[in-house]
Amino acid sequence: MSRSVGGVGGVFTGILLFPMPQFLKIQLSPPVQKSEVKKGLLAMSEQRKLTVNSISMLVNRLTQGIVTFVLSAAIARTLGAYALGQYLLAISYYYIFVNLASQGFKTLFTRELARDPEITPVYLVSGTLLQFIFSILGYIALVVVVSIVHYSPDTSFICYIMGLTIVPFALSNITEAIFQAQEKMHLIAISTVPVYILRLLIMIWTLNRHYGIEYIAGILIFSESLILAIEWLFLTRIVKPTWQINQDFIWKTIKDTRTFFAIEGIGIIASKIDILILSILGSEVLIGIYGGVSQLLQPFYIVSNSVTLAAFPGMSKAVYLGKEKQRQSTENVIEILLCIGLPFFIGLLFFGKELLLFIYKDPSFIQASLILHIISLSLITSNFSRAFSYLLIANGFEKFNLLEVIITTTVGGLAGVVLISEYKLLGAALMNLAMTITHFSVFTYFVYSRLFSLNLWRIMRRPLLISVFMVIVFLVLQKINLDFLLTIILATCSYCFFAGLLTIRQFGGFDSVWQKLLNKG
C-alpha cells in the first residue's frame, strides 16, 4: 500500500517540478492528471483506514487482555483461590457457549456484508433475530450442562448468572460484524474500551467491599448490555434497518454457518478443556490456582498476539515473492517473539514463586511454582506455533489449522482424563504440556513438509545472547535479595538495555543509527 502511494506521489511530483516534452504534455491531459490524483488520494485513504482499523482492534484486544489479568489478580487477592476458581469456571462456560452460539454467525456475516453491503439492512434485523434465538439456545445448553455436572450450589448459581451475558454479547456480534464489514472498527473500540475500563473499576470497588462473584457476574451482564446499546446507537446512524423478517435468509444462514460452527466449536473447546476437566475431576480451589498461574503468562501472549497480527499482512505478501522471502519473514517474527519469551521464561524459573505471592498475596499459590515452570514452557514453543499458524493461513492451508486443533484437542482430552484424575493440579500442568508439545509438533510437521525448513541458528542466536546476559542479572538480583518490586524494575531495565544494544548492533552500530536518525530528521 505504501509503495502505491509513494509511486503515485512520485509521478505527480515529477509532473509539477520538471518541464516535459510537448508530446508528453499532450498525453498527460488534465483528465489523466485528475485520475492520478484521485488514485493517490484513494490509496492514501485506504492506508489511513487500514491504520485506524488496525490500531482500533489492537487497542480493543489489549484492553480486554489487561482488564482480564487485573480482574483475576484482584479476585485472588481479595476473595482467595476458591472464588477465583468459581469465576474462571463460570467465565469458561460463558466463553464456550457464547462462541458456539455466535462466533460462526459473526464470521459469516462479516464476509457476506463485505462482499455485498446492500444487504446490510436485511442482515441487521433478520440476523439479530436469528442470533437472539441461538443465544437463548446457547444459554439453555449451558444450564443443562452445568446441572448435569453437579457443581456446588453456589458455583452453579454463579455459572447461571454469568451465562445470561451470552444474550447481549451474542447480539453485539451482529453489530460488530457490520462495523468490520464496513471497515469502521474504530466504532467497536469507542463502544467497548471505555466500558471495559469503567467495568473493571466498578468490579474492583465491589471486590474491596467483599461482595461475591455473583455480583461480578451481574456487573458483566449490565456492561455487555450497555455495549450493545451504544453499538446500536452508532449503527442506526449509518444503517437504516429493514423491519421485516426474511425466512429464506434465516434458513440459508443456518445452512451456511455449519462449517464455521465446526471450526469455532472445536477451537473453543480446545482452549478451555483443561479448566473443564479440572472442574470435573478436581475442585474450585484447584481451578483458581491453575487459572491464576496461567494468567501470569497473559502479558506475553498479549504482546505475541499483537506482533504476529501485525506481521500477518507482510507474511501474506511474501507468499507472492517466493519461498526464501517467506522463510525470512517467518524467521524474523519468531526471532522477535523469542527475544521476549525466552528471557521471560528464565525469569519465571528464578522468581516464579515470588511473582505468584506478589500478584495474588494468597500463600496457597506458592505451592504452584512447579506448575508455573511446566506451563511456562509454552513461552518458547508458542512462538513457533503462532507464526506457523499464520504462515499456513497466508499460504491457503487453513485445513491444516483445523486438523491441528482436532489432534491437539484429542490428545489434551485423553491426557487430561488420565493425568488430572491421578495427579490433580500437577496433572493439569502435564496435560497443558502435552497439548503444547502436540501443538508445536503438528504445526512444525505441516510447515516443514509442505513449505520449507528454518535456519534455527539464525533464529536463536540473538534470543540466546539476551538470555545469557539476563541469567547473569537474575543471579546477581537473587544474591543481593532486594525488595521484589525493585527486583522487577531492575530486571526490566536490564532487559531493555541488552535488547537495545543488540538492536543497535544489528542496524550497524551507534554511528549508523545516529546517521539514519539525522537523515530522517
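Brief remarks follow.
- Among the residues making up region 360-377, those that are in contact (Cβ under 8 Å) with a residue 24 or more places away in the chain, in contact with a Gly (Cβ under 9 Å, 6 or more places away or on another chain) and surrounded by 18 or more Cβ atoms within 10 Å (Cβ to Cβ) are Tyr360, Asp362, Phe365, Ala368, Leu372, Ser376.
- Residues being among the basic types (Lys, Arg) and either out of contact with any helix residue (DSSP H, G or I) (no Cβ under 8 Å at 6 or more places or on another chain) or without any contact (Cβ under 8 Å) to a residue 60 or more places away in the chain (or both) - total across region 389-436: 1
- All helices (runs of 4 or more DSSP H) inside region 140-231 with 3 or more residues being closer than 25 Å to Gly288 by Cβ, modelled with pLDDT of 90 or more and in contact with a Ser or Thr (Cβ under 8 Å, 6 or more places away or on another chain): 186-208
- Residue check, Glu324 open to solvent by 40 Å² or more (accessible area, probe 1.4 Å) and either touching a strand residue (DSSP E or B) at 6+ places or on another chain (Cβ under 7 Å) or acidic (Asp, Glu) (or both): yes
- The single condition among (1) at pLDDT below 85; (2) surrounded by fewer than 20 Cβ atoms within 10 Å (Cβ to Cβ) that Ile280 does not satisfy is (1).
- Exactly one residue out of Leu349, Leu286, Leu355 is more than 19 Å from Ala74 (Cα to Cα) and aliphatic (A, V, I, L, M): that is Leu349.
- The single residue among Ile289, Ile359, Ile366 that is under 16 Å from Leu84 (Cα atoms), at pLDDT below 85 and either over 22 Å from the mean Cα position of the chain (by Cα) or not in a helix (DSSP H, G or I) (or both) turns out to be Ile366.
- Qualifying residue in region 19-35 (condition: open to solvent by less than 60 Å² (accessible area, probe 1.4 Å), farther than 27 Å from Glu176 by Cβ, at pLDDT 80 or above and assigned to a helix (DSSP H, G or I)): no
Yes/no matrix, rows are residues, columns are (1) free of Cβ contacts under 8 Å to residues at least 12 places away in the same chain; (2) under 26 Å from Gly396 (Cβ atoms):
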{"position": "Phe446", "(1), (2)": "no, yes"}
{"position": "Leu454", "(1), (2)": "no, yes"}
{"position": "Ile459", "(1), (2)": "no, yes"}
{"position": "Pro463", "(1), (2)": "no, no"}
{"position": "Ser467", "(1), (2)": "no, no"}
{"position": "Met470", "(1), (2)": "no, no"}
{"position": "Val473", "(1), (2)": "no, no"}
{"position": "Leu482", "(1), (2)": "yes, no"}
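- Screening Gly127 against (1) open to solvent by 20 Å² or more (accessible area, probe 1.4 Å); (2) under 17 Å from Trp251 (Cα atoms) leaves a single unmet condition, (1).
The values are calculated or read from the model by the stated rules, or taken from the named source; none is laboratory data. Not measured: the values here are computed from a predicted model. Every residue, glycine among them, receives a Cβ derived from its backbone with ideal geometry; neighbour counts consider all protein chains shown. The area values use the complete protein model at the heavy-atom level, side chains included, leaving out ligands, DNA and RNA. Shrake-Rupley method; radii C 1.70, N 1.55, O 1.52, S 1.80 Å.
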